[in-house]
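Just so it is clear, none of the values below were taken in a lab; they were calculated from the coordinates. Note that the structure is a prediction, hence the values are computed from the model and not measured. Cβ: placed from backbone, ideal geometry, glycine included. Neighbour counts: every protein chain shown.
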Amino acid sequence: MEQLFNDGNGFLRLLPDLITHLYVPTPLADSVLSYIDNQLQVLNDEFSSTKAQLQTIKEDLTSLQSSGTIPNPQQTTRIDEDRSLTLSLVFGDIFTDAMEILSNRENIHFYTAHQPTHLDNEEFGNPQSMVVVYETKGPKLNSSLSKHARIELISKVIELEITDLLGELGLKFSSSRLLDTPVAPQITEEKKDAVEKLKANPKAQTTRFYVDLPNWYCSCDKLQSCYTKDWLSQSQPKFTYQQTTETHEVFQGINFDSLDPPAICPHILAALIIRVNPNANLCKQVSLANFSSIID
Ligand SMILES: [Zn+2]
């Protein structure tokens, strides 16, 4: 963080282009195939039956895709790997933590004047930009689970997740083959239950932060600690950026004068990413990417 500061906030000039184009359109079938490949890589031999099932689905789906016979060949979004890598290099843990926060869209609440809230929106300037960010830290797995129970639950989650994804394509895996029969919608709830059982009491470790985008403010210690007396007493270069479509979208309505140059934390970054990517398929993208950490 300190190093980035000394860099005259060049990192913030990179931000608009990187986050505006962070999610790119992709066929859903490609995302499902990536999901399968990801699981095949991270699952060990204790999941041999799940792996065999995924391998069959992969072969069937690849064949349907190349013959153009997927019932609902819809589009979704995926993370642009080059931009994601650059963001990881430039922002380090700040980006990783922001993506962790974004793994559940429910972690970010934007408040508008029309939404009922216990917070006094007037206090935060533009009410469109009042954001509450929930961050969960700590061990990911419920340590009281036996190894057997853990394997069963993970297999269940994968089965439900793939059923869910295939359902969106108008497909169902049954009797060792793919059929064009959509699944019933209760799968999502069932998956949520199984994932909750795997997790280590997430509510107890969840912290709430307030982000005020117009004033580039977050209530977290990470951001506050950047503005030490030493820092504020130094003459810092003013943060300026070139006006482009991307910078307009990302920095619209933000006043950088109050604490210039601005620092950044995972909560502000997460709020900005979802602000400019409101339709990104955040949950699916990240829950899949994080599966290896669930298995440990
Ligand atoms: Zn913060």
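Points to keep in mind about this one:
- Spacing of the two label points (7 Å from each Cα toward its C-beta) at Asp180 and Thr240, in nm: 6.0 nm
- Estimated inter-spin distance, Thr206 and Asp17, nm [label 7 Å along Cα→Cβ]: 3.8 nm
- As a proxy for reagent exposure, ranking Thr26, Thr136 by other Cβ atoms within 10 Å from fewest up yields Thr26, Thr136.
- 16 Å reach of a label modelled at His248, 7 Å along Cα-to-Cβ, counting backbone N of the stretch 9-33: 16-17, 20
- Filter on Lys51/Lys222; Lys137/Lys172; Lys191/Lys222; Lys147/Lys192; Lys137/Lys191; Lys58/Lys137 - keep pairs with C-alpha separation over 30 Å: Lys51/Lys222; Lys137/Lys172; Lys191/Lys222; Lys58/Lys137
- Inter-label distance for Lys199 and Ser144, nm, one decimal - labels placed 7 Å from Cα along Cα-to-Cβ: 1.7 nm
- Length added when fully stretched, Glu190-Glu152, from 0.36 nm per residue minus Cα-Cα: 12.3 nm
- Residue order for Val195, Val131, Val211, fewest other beta carbons within 10 angstrom first, comes to Val195, Val131, Val211.
- Our estimate of slack between Glu59 and Ser34, defined as 0.36 nm per intervening residue step minus the Cα-Cα distance, is 7.7 nm.
- Compared with the direct C-alpha span, the chain from His109 to Tyr227 gains 39.9 nm at full extension, assuming 0.36 nm per residue.
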